[in-house]
1. Are any residues in region A:294-309 within 11 Å of chain B (Cβ to nearest Cβ) and buried (at least 22 other Cβ atoms within 10 Å of the Cβ), and if so, which ones?
2. Here is a list of conditions, (1) aliphatic (A, V, I, L, M); (2) assigned to a strand (DSSP E or B); (3) modelled with pLDDT under 95; (4) farther than 21 Å from B:VAL46 by Cα, and A:ALA300 meets all of them except one; can you say which number that is?
3. Give, as residue ranges, the helices (runs of 4 or more DSSP H) completely inside region B:2-94 that count at least 1 residues that are within 14 Å of chain A (Cβ to nearest Cβ) and within 13 Å of the chain's Cα centre (by Cα).
4. For B:SER105, indicate whether it is more than 14 Å from chain A (Cβ to nearest Cβ), over 16 Å from B:LEU12 (Cβ atoms) and either part of a loop (DSSP other than H, G, I, E, B) or of a type in the set (S, T, N, Q) (or both).
5. Based on this model, can you work out whether B:LYS72 counts as of a type in the set (Lys, Arg) and under 12 Å from B:ILE8 (Cβ atoms)?
6. Considering only residues that are buried (at least 23 other Cβ atoms within 10 Å of the Cβ) and in a strand (DSSP E or B), which ones fall in region A:224-260?
Amino acid sequence: MRLGAVVVVGTEELIFTKERSASECSVSTNLAVESSNAFLNEPLECIDIVGRSLVERAIERFAAIDIHDVSVLVDSKALLGVPNFRGSFGSLTVEGVSNLPSAMSRRFADYSREGVERSFVIAANTYTETDLLDLFCFHRESRQAVTNTFDKEESLPLWVVDCVKAQDMDLSGLLNRTHTNTKGASNYFIRDYVSRLRHVRDMRRLTSDILRGRCQTGPSGRQVRPGVWIDYGAEIHRRSRIVAPAYIGRESMVRADALITRCSAIERNCCIDCGTVIEDSSILPNTNVGICLDLREGVASGNKLWNLERDVMIEISDPNVMHSNPGVSVSVTKQRKRTMVGGAALRESKPNGHSMAV
Amino acid sequence: MYTPGPVIVMELPEKLTHLEVRSFLDEMQPLLEIDRPCVVLDCSQVQSMDSAGVEMLLHCLQEAMKRDGDMKLAAVPPASAVMLELMRVDRLFEVFDNSEQAVRSFQIFPSVTNAQSQPWYGAAHGLTDLKAAG
């Protein structure tokens, strides 16, 4: 039996609350999402977290159980954030969509024609480590059109659907997770690790959990000593100090006398200049941090810094302090955006990416 | 004996970037050239501060200290506090919630909180025993 998967990219509220009334939306959640968007310009799930984005981690999980028909549906408002995939995936398609339910219905119709009977659907901003095969077996035995998932807090944006039956369903109602008692749906409870990315604070928590080994997924790169992961092409000065657990991403540079400590992650193509201390922080891709600075409990991206202790974002105009490092990956993202911005029907096949080699 | 002079409270402008720093320093300079300047910078209006602003604060502190005075900060907004922390200068300044507290801090002498301890030859140490022994 062939299985498919649909991975939805774009801020959850942008996609899933179109059909909701204002009263149903959590104000605090929306504010958090809006403020996170202002900070990052792209959805959180497209940003590298210890080497790989949540989109890529979701695709990897499907690939691990031999699901090769994977579609990534990207909300047209989030096209700038089309993720870079470092792994190679067989028949992965990435599609920009303006109307998610109709795009999903189309995808399920395609899957049915291709002989894919059932499909997983997941919003990539939620990371869960549930046993996908067990979930699939549960769905098959329940003989329902759709299986909803829950954890101890609320319903999760992860479903298994019957591709034929799902075409006739009200998909917007299905995706609107306030309607959990959908007719013809069964419910599956998840007890495993779950992380929802709604705020940069959640991203820090997930980074910390990955580095401390609290979840199954691990950092990219090679573990050079217990708790210290160094990715391909990273340069670390012999006079710098990396205190475990920590991650230094691809092509990143840590200069003399710098200190990286307490669950800090330096993502790809970053530079931490001489004497700077990075403590309990994430430095997002393509960020240069200047000399002799002290960055604590924060997330830095380009010239923006979100301090989690005070919950405040500052934009730094002085490039000597912090600035964006225009790397190769940025231009690739821009190029991809130009290709995809044409409309919902435009589809781009993803060629094989570069496999990780450390 | 140290006698504190008048405390000068200055309100910092909304923007403390390299464009505004020059004019503010021109205003500040005469105030820092008096003997033992006691300055409070009220940061409540500051909305953005860059490295030039931090440098200006350090310059003012240095000038005040040269003349045996001091400079304190009041009502520092979170964003400016993050900037000071990032550039490792937060520890150099005394920071208060508001300018009144900062002004008072120049005027109040620290009270002696620890009472003088008992002399070593007190009763607790067995002086009477010593006398008796003598």
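1. Passing the criteria: A:LEU295, A:GLY298, A:ALA300, A:LEU305, A:TRP306, A:ASN307.
2. So the condition that A:ALA300 fails would be (3).
3. Values: elements: B:18-32, B:51-66, B:78-86.
Filter on region B:2-94 gives B:51-66.
4. Details: more than 14 Å from chain A (Cβ to nearest Cβ): yes; over 16 Å from B:LEU12 (Cβ atoms): yes; either part of a loop (DSSP other than H, G, I, E, B) or of a type in the set (S, T, N, Q) (or both): yes.
Here the answer is yes, as B:SER105 does meet what is asked.
5. Details: of a type in the set (Lys, Arg): yes; under 12 Å from B:ILE8 (Cβ atoms): yes.
Criteria met by B:LYS72.
6. A:TRP229, A:ILE230, A:ILE242, A:ALA246, A:TYR247, A:ILE248, A:VAL254, A:ILE260
The values are calculated or read from the model by the stated rules, or taken from the named source; none is laboratory data. Worth saying up front: this structure is predicted, and the values here are computed from it rather than measured. Note: ideal-geometry Cβ built from the backbone for every residue, glycine included; neighbour counts use all protein chains shown.
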